[in-house]
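Let me begin by presenting the structure, written as structure tokens, before commenting on it.
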Amino acid sequence: MRSRLLLLFCALCALSSAQYPGAKPVPNPWRSGFKTITEPHAREILGYLAGPELRGRGSLSPDFFAAAGYVAWRLKEMGLEPAGDAGSFFQRYDLVRSVAVPAETSLTSNDGSLQIPYGPNFQVCSLSDTERRVKFAFVTMPKEADISNFDWEALRGRIVVYSSQAATNTGFIAKLTEMREKLALEQVISVTLERLSTNNPQRSTGIKDFPDPRTGTLSPLRFSLPGMKQIADKLGVTKYFEEKPSGVSVELPSGELNVKVKVQQEISPLLNVVAKLPGSDPDLAKEAVVIGSHLDHLGPSNDGIRYGADDNGSGCTANLLVAKAFVSNPVKPKRSVLFAFWAAEEVGLYGSYAYMCKPSVAPENTVAYFNLDMLGRNEEFGVEIAENNVDVVYPGIVTTNSMDFYNRLVANNAFVNLRFKPDKTDRTNRSDTRNFVWKGVPTVKVFTGEHPDYHRAGDTIDKINWTKLVNITKWLYLSVGDLATRPDRPRFAVTPFAPPSFAILQGRLKLPADFKAPSKAKQIAEVVDATGTVLAKQELPLSLSRLAYEVLVPKSQLATGGPFTLRVRILDGNKELLSMPTPLNVPADGWTRAQDAKLEASPHDQRAK
């Protein structure tokens, strides 16, 4: 009896993780590995990674190293090659955290007439003891100033201090951020405080021997308004402190000041776990597709243990399942595949940065990077509700760096049939994607959306959508195999992020308690304007297990002016059974929160009463 129950359980798990309706048959070369990706295997791996023994895999805790040992054991057991240091699965490096020694840290002029000690007017830190001469650039401009002819090259190598008015010019701030590394800017800062707090010393964090050129040597660097006034007076700067700038002003004093920083260092040894499946083609094997997921999370807190089942036990589970699928499949990819598990993502994306500083495969030979970060939940944040996201995935920022890559993801989704949604914000710099895009590697962040348990103790295994996690893993397996085998490579071409062109209207339906839906009943949700013209419409079969609606309305239509209303109806054929007694108003920029829709029996239909 016990064996029969076990077989029944496994059969039900396999059924619940089957491809979504409408999916095409899996291509023969990848079918065997595809079948190994199952819910029981996913539960086994995630059950340990997000279980009580690892206590949330805190970034710098022994629990993280225990998780790393588990992952390395799994990869070795599969028969994959180690791709870390000295023939191991571990790539080792040191995380450095430094704080300034106030008594030996200062900013001075050459002639000694300006001396600002570390304290309420000036604060700085560095990874190591540093003494260097710096030049400043002072930028002021109105909020709407035209920066099309701005001389960016004039800022090269300087500390850029921009006014509070310049901080409101979104075009300037965006371009300044983009140009920071290209112009070797030491720091970009806005000065607003009358006094800096000295309660918490400034800290500089990075990888030993590999300073990040995107942050500058002196970081963080801060000044109070009185401190900056002293510097401006010494350097002959006048326009920066004008209350109402009439136009764009860039002051470039020739004088230099000396910054001296003495630090105390705390060094934490860390490691990534990296394994390799060698390519089957002798010519293409030197190239690789990298699939990575951060292994660390946040660990214990006053709120309880933050187990990180979704963030990012789910991504690491998918990574291991993809590795097992390739090992099990008789056909191997022609290019190599690297499986990476990063450390210290939660404290600054340092694991993937360390890898890119000494990569197992050079960036120019890295065909694509898959970043797996939070794959296991239904988004439930803002206007989004869980019921409308049971099969949704966000392909992330790939559309901003490689449409070739995105098109291959779409093609391989035909065999699983997930529902793609565009990202609402640019997440390039919010995960390990940042370090691969930086080096020009076509990159996707695979993500299923935010939820109320993000970075909290409630991110636990019982809330995982196993069907979604398994199907995303299958899609990843097929996509990695495709990119690691096809002769062409996706092109890297950066384009600006564009938010979705539509507003999302979502909510739950409240039906009369005694309502019984006919078998062929359907739900229709519409957005209409003041004339009754339908701007957008959703129609789907009514399912009592999913009493929700979702309508996507082009923002261009809402921008024409209101009033707009949401209208929801339940129909049996052409017969209206239920309708909304009070339509919901829709503002021109959409909703920020889900809105429940109450339905009542239509007056002319007695069957619904």
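The values are calculated or read from the model by the stated rules, or taken from the named source; none is laboratory data. Computed from a predicted model, the values in this text were never measured in an experiment. Using ideal geometry, Cβ is built from the backbone for each residue, glycine included, and neighbour counts are taken over all protein chains shown. Side chains are part of the model used for accessible areas, which takes the heavy atoms of the whole protein and leaves out ligands, DNA and RNA. Shrake-Rupley method; radii C 1.70, N 1.55, O 1.52, S 1.80 Å.
Computed over protein heavy atoms with a 1.4 Å probe, the accessible surface of the chain works out to 44 Å² per residue. Which of 439/474; 76/439; 208/334; 175/286; 76/358 have a Cα-Cα distance over 25 Å? Pairs exceeding 25 Å: 439/474; 76/439; 208/334; 175/286. What is the sum of charges around residue 184, taking Lys and Arg as +1, Asp and Glu as -1, for the other residues whose C-beta is under 12 Å from the C-beta of residue 184? Result for the neighbourhood of residue 184: +3.
Expressed as a whole percent, the accessible area of the stretch 516-609 that falls on carbon and sulfur atoms is 51 (1.4 Å probe). For residue 463, the aspartates and glutamates whose Cα falls under 17 Å of its own Cα, not counting residues fewer than eight places away in the same chain, are 39, 44, 310, 311, 373, 379, 380, 384, 387, 391, 450, 453. If you take the Cα centroid of the stretch 325-343 and the Cα centroid of the stretch 80-130, the two points sit 38 Å apart. With R₀ set to 56 Å, the beta-carbon distance separating residue 543 from residue 327 gives a calculated FRET efficiency near 0.90.
If the segment from residue 588 to residue 203 were pulled out straight at 0.36 nm per residue, it would be longer than the present Cα-Cα gap by 134.2 nm. Straight-line reach from residue 555: taking Cα to Cα under 19 Å and skipping same-chain neighbours fewer than 8 places apart, the lysines in range are 421, 424, 537. Could you work out the local net charge near residue 402, counting Lys and Arg as +1, Asp and Glu as -1, over the other residues with Cβ closer than 10 Å to its Cβ? Neighbourhood net charge equals +2. By a 1.4 Å probe calculation restricted to protein chains, residue 381 has an accessible surface near 120 Å², given to the nearest 10. For the chain, find the longest principal axis of its Cα atoms and tell me its angle to the long axis of helix 315-328, 0 to 90°, nearest 10. Tilt of helix 315-328: around 70 degrees. A simple rule links phi to the HN-Hα coupling: the Karplus curve 6.51 cos²θ - 1.76 cosθ + 1.60 with θ = phi - 60°, which for the stretch 43-54 gives 5, 5, 5, 5, x, 7, 4, 10, x, x, 5, 9 Hz, with x for Gly and Pro. Tally up the carbon and sulfur contribution to the accessible surface of the stretch 139-235 as a whole percent, 1.4 Å probe, everything protein left in place. C and S fraction of accessible area: 48 percent. Relative to the globular-protein estimate of 2.2 N^0.38 Å, the Cα radius of gyration of the stretch 323-461 stands at 1.11. Taking the centroid of alpha carbons for each part, the stretch 265-292 and the stretch 210-246 are 41 Å apart.
Contact order, relative form, for the stretch 378-479: 40 percent (alpha carbon pairs under 8 Å, 6 or more residues apart, mean separation divided by residue count). Ignoring aspartates and glutamates fewer than eight residues from residue 260 along the same chain, the ones with Cα atoms less than 19 angstrom from its Cα are 104, 111, 129, 131, 186. Short-range pairs are left out: with C-alpha atoms under 8 Å and at least six residues apart, the relative contact order of the chain is 15 percent. Take every pair of alpha-carbon atoms less than 8 Å apart whose residues are at least six positions apart; their mean separation over the length of the stretch 33-135 yields a relative contact order of 12 percent.
Karplus-derived 3J(HN,Hα) values for the stretch 82-91, using 6.51 cos²θ - 1.76 cosθ + 1.60 with θ = phi - 60°, are x, 10, x, 7, 6, x, 10, 8, 10, 9 Hz; glycine and proline are entered as x. For the stretch 131-172, the pair-distance distribution built from all alpha carbon pairs, in bins 10 Å wide starting at 0, is 28, 51, 17, 4 percent. Between the beta carbons of residue 244 and residue 513, assuming R0 = 41 Å, the FRET efficiency works out to 0.05 to the nearest 0.05. Against the chain, whose longest principal axis comes from its Cα atoms, helix 62-78 is set at around 60 degrees. Between the helical axis of 225-235 and the longest alpha-carbon principal axis of the chain there is an angle of about 50 degrees.
Working from label points 7 Å from Cα in the Cα-to-Cβ sense, the residue 149 to residue 133 distance is 3.4 nm. Local charge for residue 61 was computed over the other residues whose Cβ lies under 9 Å away, with Lys and Arg +1 and Asp and Glu -1, and equals 0. Nonpolar atom fraction for the stretch 302-427, defined as the carbon and sulfur part of the 1.4 Å probe accessible area, stands at 51 percent. Look at where the Cα atoms of the stretch 398-458 and of the stretch 554-591 average out, and the two centres are 31 Å apart. Legend: calculated FRET efficiency, residue 28 to residue 286, from the Cβ-Cβ distance at R0 = 25 Å, rounded to 0.05, equals 0.35.
Here the stretch 246-267 is scanned for amide nitrogen atoms under 16 Å from the site 7 Å beyond the Cα of residue 99 along Cα-to-Cβ, giving 262-267.
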